[in-house]
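Here is the structure we will look at, set down as structure tokens.
Throughout, read-outs are computed from the coordinates displayed, never taken from laboratory work. Remember, it's a predicted structure, so these values are computed and weren't measured experimentally. Because the Cβ atoms are built from the backbone with ideal geometry, glycine has one as well, and the counts that use them run over all protein chains shown.
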Amino acid sequence: MDASRAPARIEARLQALKLAQACAELGARVRTIAALTGLPARELLELLFPDRQAVPRGRPPASPDWYHTANLLNRAEASIAMVLYRRLCDAGFPPPEALVGAYRHYRGVCEPPHRISFDRAFDLAGHTDGLWFTTVRSFSLVACPACHSTFLAACGTIALSNEECPFCKLVQRYGTDPRVQASFPVRPLADLSGVPLGVRELLRDSTLRSAADVEGGDRREPRSS
């Protein structure tokens, strides 16, 4: 093996192992971790799940059918996760890293219990970009013409109204639906009482500096030609 390539190969493997650990911590199945990292499933089992009882099990998600029949809160949270994923991809992150970062952020902004599992997010991203276990793009991200939020929709959808926008529907139901209120609670605004004073101080300092500059300029006598 070319010695010059050894460090790069070692670094790539270390990055794959680090990504695998992150996926496992987020609840990913072995099948999902293998697809994202390229590591063999048998090796992942040995490294990440020495206790076989801890291996995540269950039927893999089938998001193209699920999303269009999912309830409003599921569709809203799925849209949030995919918008975060798209932003990271657009920022230059590879899809596997973008998915992990987006899912962590999603769990940080949405209230538990989280309706979108990591495997569901993986499946949604795959069917949005035609990655991993599929080459077909079933979803796209669409901007609502009413509230301007971006939401997940069937690939090729052109939003001419807010009829399919889950966020518009959340706003419409918020006052009467306790589930929506619990999932998206009103958060207190930060205390900005000190901001106006700070702005006034900045303006005052700026005014004083400007006055000093003008005064200093007036004191300078013009040079005679």
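Could you give me the ³J(HN,Hα) list for the stretch 91-105, computed from phi with Karplus coefficients 6.51, -1.76, 1.60 and θ = phi - 60°, whole Hz, x at Gly and Pro?
For the stretch 91-105, the Karplus curve yields 7, x, 7, x, x, x, 5, 5, 5, 5, x, 5, 5, 4, 5 Hz.
Find the centroid of the Cα atoms in the stretch 27-43 and in the stretch 77-96, then give the distance between the two in whole Å.
Taking the Cα centre of the stretch 77-96 as reference, the centre of the stretch 27-43 is 20 Å away.
What FRET efficiency comes out for the pair D90/T176, r = Cβ-Cβ distance, R0 = 30 Å, nearest 0.05?
For D90 and T176, the calculated efficiency is 0.25.
Along the Cα-to-C-beta direction of V55, a point sits 7 Å from the Cα; which residues of the stretch 106-131 have their amide N less than 20 Å from that point?
Output list for this probe position: 118-120.
Quick one: if you stick a label point 7 Å off each Cα along the C-beta vector at V186 and V83, how many nm between them?
2.1 nm
Taking 0.36 nm per residue of sequence separation and subtracting the Cα-Cα distance, how much length would be gained by fully extending the chain between T69 and R137, in nm to one decimal?
22.7 nm
Peptides 167-180, 45-58: what's the order by average Cβ count within 10 Å, highest mean first?
Result, highest mean first: 167-180, 45-58.
Roughly speaking, what is the stretch gain from A146 to V109, that is 0.36 nm per residue apart minus the C-alpha to C-alpha distance, in nm to one decimal?
Numbers: separation 37, 0.36 × 37 = 13.32 nm, distance 2.29 nm.
Going from the current span to full extension adds 11.0 nm.
What is the extension gain from Q15 to A159, computed as 0.36 nm multiplied by their sequence separation minus the C-alpha to C-alpha distance, in nm to one decimal?
Residue separation times 0.36 nm, minus the Cα-Cα distance, leaves 47.9 nm.
Each residue of the stretch 50-58 in order: what ³J(HN,Hα) in whole Hz does its phi give by Karplus 6.51 cos²θ - 1.76 cosθ + 1.60, θ = phi - 60°, with x for Gly and Pro?
With the stated coefficients, the stretch 50-58 comes to x, 8, 4, 5, 8, 5, x, 10, x Hz.
At a 10 angstrom cut-off on C-beta neighbours, averaged per residue, how do the peptides 110-122, 10-22 rank from highest to lowest?
Going from most to least packed, we get 110-122, 10-22.
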